[in-house]
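What follows is one structure encoded as structure tokens, with my remarks underneath.
The values are calculated or read from the model by the stated rules, or taken from the named source; none is laboratory data. Keep in mind that what you see is a predicted model, and the values were worked out from it rather than measured. Methodologically, a virtual Cβ is constructed for each residue, glycine included, from the backbone with ideal geometry; neighbour enumeration extends over all protein chains shown. With ligands, DNA and RNA removed, areas are computed over all heavy atoms of the protein, side chains included. Shrake-Rupley method; radii C 1.70, N 1.55, O 1.52, S 1.80 Å.
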Amino acid sequence: MAPSKDIESFRALLRSSKNIIAVAGAGLSAGSGIPTFRGNGGMWRKYDALSLATPEGFAQSPSLVWQFYHYRRETALAAKPNKAHRALSFFSLPAVRNQIAPNSTFTLITQNVDGLSVRSDQEVAAEHPELIHSQQATSQPAMLEMHGRLFDLLCTDSECQHIEFNTKSPICEALAGTEELIENKVTDPNIELEDLPRCSKCGALGRPGVVWFGEQPHHLNVIDELVANADLCLVVGTSSTVYPAASYAQEVKGHGGKVAVFNLERSKGDSKADYLFLGPCEETLPKALGLSLSADGNISIETSA
Ligand SMILES: [Zn+2]
């Protein structure tokens, strides 16, 4: 059967769902202007961006890899969370979610490293203190950043392994302005190791706190348990046919749960989803959840379509 795009029946499904997860990918932040670096056009300067996201790439040229991540940090710092981030932030608050999916749990599992979902949660909490209840602490995490964070700085010294959260712009003087360099104008500057970001504790070379290809994603045990218990999986801004969303969606379907895909365009295998909402997720997601988000940051909740 073809997936449904019926909002009324999706909201009925939400009302009866108890353990909800969302798996988010690059499409969630696309509306905030964050480049995806995947598929066609996934290039940075003259490099295939994916080749820079490996431990081998970093070992070969820490200077080049740091310029790539400096560029990504600066882009993320300049970006703002969009309405899809905000819809997920509101939905993660029990005071809001109870009106949409009463007595349910929710965790956002994001593959994004840009920190926009975290900033969105903080903004929503600051703007709406009335929605934050002191007794909402549960053991279940509201968000899991499975591919790490652009703003974590990891020490490369195996003895130290210090991790710090660092949003400095630029992260170090030597990288300042390198985000502006364009392939045709300038060759890649070679920054000396001692001028790259260093561990604040032991002084060793630091590296971006993101999970590179060939490295183990974070929180896998917690995620496995959430997926095993989920009765509804929202796939947001990522292909439902590529790992990890594909395997999570398949497992949720496999034990009788439902899958709803929010993506810009179709991808192969979407036909297995129960619901498919095509278009920019900053439009489709708030609408499907029944959240109308105004420009001044206020929300109203439609409990039926
Ligand atoms: Zn260190």
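Lacking any other cysteine beta-carbon closer than 4.7 Å, the following Cys residues of the chain have no compatible partner: C172, C233, C281. For the chain, the share of DSSP beta bridges that are antiparallel, to the nearest 5, is 35%. All C-alpha pair distances within the stretch 114-244, sorted into 5 Å bins from zero, spread as 2, 7, 11, 16, 16, 16, 13, 10, 6, 3, 1, 0 percent across the bins. For the stretch 45-196, the calculated P(r) over all alpha carbon pairs, in 5 Å bins from 0 to the bin holding the longest distance, is 1, 8, 14, 18, 16, 12, 10, 8, 7, 4, 2, 0 percent.
Normalising by residue count, the chain has a Cα convex hull of 144 Å³ per residue.
Each of I299, Q99, H219 was scored by the projection of its Cα onto the charge dipole of the chain, and the greatest displacement toward the positive side belongs to Q99; charges sit on the C-beta of Lys, Arg, Asp and Glu. Residues of the stretch 195-235 falling in the label zone of Q250, defined by backbone nitrogen less than 19 Å from a point 7 Å along Cα to beta-carbon, are 217, 220-221, 223-235. Within the accessible area of the chain, what % is carbon and sulfur when the probe is 1.4 Å and the other protein chains stay in place? The computed percentage sits at 51. Among beta bridges identified by DSSP and lying wholly in the stretch 1-129, the antiparallel ones come to about 25 percent.
A convex hull fitted around the alpha carbon atoms of the stretch 174-261 yields 173 Å³ per residue. Principal axis extents of the Cα atoms in the stretch 244-305, from largest to smallest and rounded to whole angstrom, are 40, 23, 20.
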